[in-house]
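The values are calculated or read from the model by the stated rules, or taken from the named source; none is laboratory data. Keep in mind that what you see is a predicted model, and the values were worked out from it rather than measured. As a convention, Cβ positions derive from the backbone with ideal geometry for all residues, glycine included, and neighbour counts pool all protein chains shown. Heavy atoms of the whole protein, side chains included, go into the accessibility calculation; ligands, DNA and RNA do not. Shrake-Rupley method; radii C 1.70, N 1.55, O 1.52, S 1.80 Å.
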Amino acid sequence: MSDDHTRVRDFFSARAAGWDSRFPDDGPAYRAAAFELGLPPGGSVLDAGCGTGRALPALREAVGARGTVLGIDLTPAMLEAATRAGRDRAGRLLLGDVARLPLRDGSLDAVFGAGLISHLPDPPENLRELRRVVRSGGTLALFHPIGRAALAARQGRRLTADDLRAEANLRPLLAGSGWRLTSYVDENARFLALAVRED
């Protein structure tokens, strides 16, 4: 395991048990973002870096009972917390790395990534891997239940010009990885960037 993976796993392992109680009011924002993906009934979606699986019930609701919902995370403790919360009933949980997904090319309609981009060890390469598993014209949602400024304030830091989620940085990063940014919202109440896979 790389140093990046170890650092991410250690960070989230220490926080998994109390993660949901730290952010109890995020449910409506997750639900709204899941529905903005425009998933078809019976569609297939991956929650990449799913953590405790907070998006899984909304993703299941979006695709319906016949759809496929997967959640993958690097941290066993987060998946255990998802199972304790009953979210494994909304989707299949996988222990794994978003940098090497155990999925066929073009097998998904969409990928949902909550808080994901700041934890990717190699964002251009990792975004290409997410693109690989999405069908042509499929969608990527990069989401956070609060905006960049609110998150920086929560973490006691200032926004910097190199923030990957800034539109000026995110648009070319996505384009270089085979995605076209179609919608960008950065408000105190949420961050949501939607992109479409281009061929």
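Across the range 12-31, the qualifying residues are those that are of a type in the set (A, V, I, L, M, F, W, C) and open to solvent by less than 90 Å² (accessible area, probe 1.4 Å), and the one among them that is nearest to ALA81 (Cα to Cα) is ALA16. Criterion applied to ALA77, ALA34 was being open to solvent by less than 50 Å² (accessible area, probe 1.4 Å) and more than 23 Å from VAL134 (Cα to Cα), and the one residue passing it is ALA77. Across the range 90-110, the qualifying residues are those that are touching a residue at least 60 places away in the same chain (Cβ under 8 Å) and outside any loop (DSSP other than H, G, I, E, B), and the one among them that is most open to solvent (accessible area, probe 1.4 Å) is ASP109.
If I filter the range 111-133 down to residues being among the hydrophobic types (A, V, I, L, M, F, W, C) and touching a residue at least 60 places away in the same chain (Cβ under 8 Å), which single residue comes out as farthest from LEU194 (Cα to Cα)?
VAL133
Applying the criterion of being of a type in the set (Gly, Ala, Ser) and open to solvent by less than 30 Å² (accessible area, probe 1.4 Å) to the residues of the range 152-199, the residue that is modelled with the lowest pLDDT is ALA152.
Kindly check whether there is at least one residue in the range 111-119 that is modelled with pLDDT under 95, part of a loop (DSSP other than H, G, I, E, B), in contact with a His (Cβ under 6 Å, 6 or more places away or on another chain) and under 25 Å from PRO28 (Cα atoms). Yes, that holds for at least one residue.
In the range 72-80, the condition of being under 24 Å from TYR184 (Cα atoms) and hydrophobic (A, V, I, L, M, F, W, C) is met by no residue.
The set of residues from the range 1-11 being at pLDDT below 80 and either of a type outside the set (Gly, Ala, Ser) or open to solvent by 90 Å² or more (accessible area, probe 1.4 Å) (or both) comprises MET1, ASP3, ASP4, HIS5, VAL8, ASP10, PHE11.
Pairs meeting the criteria (first residue in the range 23-49 and part of a helix (DSSP H, G or I), second residue open to solvent by less than 50 Å² (accessible area, probe 1.4 Å) and hydroxyl-bearing (Ser, Thr, Tyr), beta carbons under 8 Å, at least 6 apart or on different chains) are GLU36/SER183.
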